[in-house]
1. Here's a check for you: in segment 11-25, which residue that is under 16 Å from G144 (Cα atoms) and without any contact (Cβ under 8 Å) to a residue 12 or more places away in the chain is surrounded by the fewest Cβ atoms within 10 Å (Cβ to Cβ)?
2. Quick one: L307 ticks every box in (1) surrounded by fewer than 24 Cβ atoms within 10 Å (Cβ to Cβ); (2) within 27 Å of A142 (Cα to Cα) bar one, so which box is it?
3. Which residue pairs have Cβ atoms under 9 Å apart, sit 6 or more places apart or on different chains, and have a first residue in segment 284-299 that is within 17 Å of T395 (Cβ to Cβ) and hydroxyl-bearing (S, T, Y) and a second that is at pLDDT below 90 and surrounded by fewer than 24 Cβ atoms within 10 Å (Cβ to Cβ)?
4. What tally of residues in segment 354-396 results from selecting those that are of a type in the set (A, V, I, L, M) and without any contact (Cβ under 8 Å) to a residue 12 or more places away in the chain?
5. Taking the options G332, G367, name whichever one is in contact with an Asp or Glu (Cβ under 9 Å, 6 or more places away or on another chain), of a type in the set (G, A, S), closer than 22 Å to V277 by Cα and crowded, with 24+ Cβ neighbours inside 10 Å.
6. Residues that are of a type outside the set (F, W, Y) and in contact with a Pro (Cβ under 6 Å, 6 or more places away or on another chain): find the helices (runs of 4 or more DSSP H) completely inside segment 247-327 holding 2 or more of those.
7. Return the pair list, or none, for Cβ contacts closer than 7 Å from residues in segment 132-156 that are among the polar types (S, T, N, Q) to residues that are surrounded by fewer than 23 Cβ atoms within 10 Å (Cβ to Cβ), at least 6 apart or on different chains.
8. Out of all the residues in segment 198-221, is one or more in a helix (DSSP H, G or I), within 21 Å of the chain's Cα centre (by Cα), modelled with pLDDT of 90 or more and buried (at least 22 other Cβ atoms within 10 Å of the Cβ)?
Amino acid sequence: MTAARVRLGLRENVAQFSLLVAVNALVGAMVGLERSTLPLIGETEFGVTSSVAVLSFIVAFGLAKSFTNLAAGTWATRVGRRRLLILGWALALPVPLLVGLAPSWAWIVAANVFLGVNQGLAWSMTVVMKIDLVGPKRRGLALGLNEAAGYGGVALAAAASGWLAAEFVARDVLVVGALAVAVLGLVLSLAFVRDTGAHVDLEQERHPAAADRTPPMLRTAFPAASYRDPALRSCAQAGLVNNLNDALAWGLVPLYLAAEGASIGAIGLVAGLYPAVWGLGQIWTGHRSDIVGRKPLIVAGMLLQALALTALAASGGEVALAAFAAVALGAGTALVYPTLIAAISDAVVPSARAAVVGVYRFWRDMGYVVGGLMAGIAADALGFSGAIALVAGLTALSGIWVIFDMPTKLEPSAAGLEARAEAV
């Protein structure tokens with residue numbers, strides 16, 4: 001692609017943007033296939049009874065995805081976005097094979113290590129590439145569309161796999177679906193996706209800090225995005241708590257509902273409602289954050305999630321109440337999810353974007369690790385309702401943290417990330 005043909009904007013890059021939306025829907029579907037089936041497979045086919053043991057697959061997924069996110073942020077500039085996207089899809093291919101051949105639960109845990117790497121590479125690159133294409137003016141909308149596609153894929157796959165598992169063997173449904181999605185995602189990425197490095201260069205040239213073109217080293221990006229910078233650390237902790245909630249919804253809610261006598265079809269409905277509302281809502285919330293700012297939506301979303309989890313804990317596993325709580329939880333997550341990444345992108349110069357988004361996504365997806373361990377231990381000690389109530393309290397505290405720590409106006413320093421980190 002020549003410099004003359006490189007333009008920033010959603011309309012100017014609509015073909016590639018739309019293709020990346022479709023690819024990210026497939027990335028989400030890889031995870032969605034497990035949402036309503038895998039925790040139940042652990043109990044029924046492998047005889048895993050401890051909540052901690054059942055949720056070990058989420059811990060493995062979270063660890064793999066977190067560290068892959070961290071590496072992908074720095075590799076993206078050096079290796080190229082497209083190459084990492086293709087590698088992510090190639091590493092998805094072992095997932096259905098390991099699940100299909102698994103003689104023990106350990107194989108399922110290993111499959112989720114590959115799934116975590118797939119998600120860390122493929123989802124990270126679709127996020128970063130969309131930000132690259134649209135430039136700074138419609139960043140929130142772009143991220144809303146990206147996350148809507150991804151979690152729309154999660155929702156459809158979760159609902160479909162739950163429905164099909166009521167008619168066929170649950171593990172077979174998971175294996176066939178995952179293989180089809182992985183192959184399609186790899187083919188689309190190889191054949192049609194183009195790299196966006198030239199768009200980053202163009203935006204950097206137009207940026208007030210245009211002289212600062214060198215991507216930051218991880219040793220600079222990590223402390224700045226983790227604890228030194230108030231805007232970035234607020235996003236990091238909120239992202240972690242948000243995915244802590246998702247780990248609970250993914251791993252514990254199906255077991256909670258099953259223990260109260262819900263059918264696998266009903267569990268699939270609840271498992272699908274939450275990401276469906278989350279996914280669709282992000283189109284509006286991402287756009288809205290471009291208008292009213294990032295902080296109000298993040299605070300409102302975290303507090304709404306806390307209320308939804310409190311309602312779920314009080315539902316006693318009754319499906320109608322659980323479905324209502326799932327809708328509210330999805331709405332709260334929709335307010336938060338694209339807005340956090342947009343806030344991160346606002347707070348750093350373009351050349352630092354991939355590295356800092358990688359650090360943010362590291363902490364966000366460590367929420368799966370913390371959530372999987374916490375939910376499992378708490379469920380064994382306090383019961384399902386007690387574990388959900390505990391997470392509700394943590395979510396409320398996270399929203400309060402954002403109120404007092406995150407600046408209202410988010411701007412990158414003119415001197416770039418390293419000077420920004422040293423100044424904090």
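1. R11
2. It fails just one condition, (2).
3. none
4. 2
5. After applying the criteria, what remains is G367.
6. Fully inside segment 247-327 and qualifying: 253-259, 264-292.
7. These pairs meet every condition: N146/V21.
8. Taking every residue of segment 198-221 in turn, none turns out to be in a helix (DSSP H, G or I), within 21 Å of the chain's Cα centre (by Cα), modelled with pLDDT of 90 or more and buried (at least 22 other Cβ atoms within 10 Å of the Cβ).
The values are calculated or read from the model by the stated rules, or taken from the named source; none is laboratory data. In this text the structure is predicted, and so the values were computed from the model without any measurement. Note that we place each Cβ from the backbone using ideal geometry, even for glycine, and neighbour counts take in every protein chain shown.
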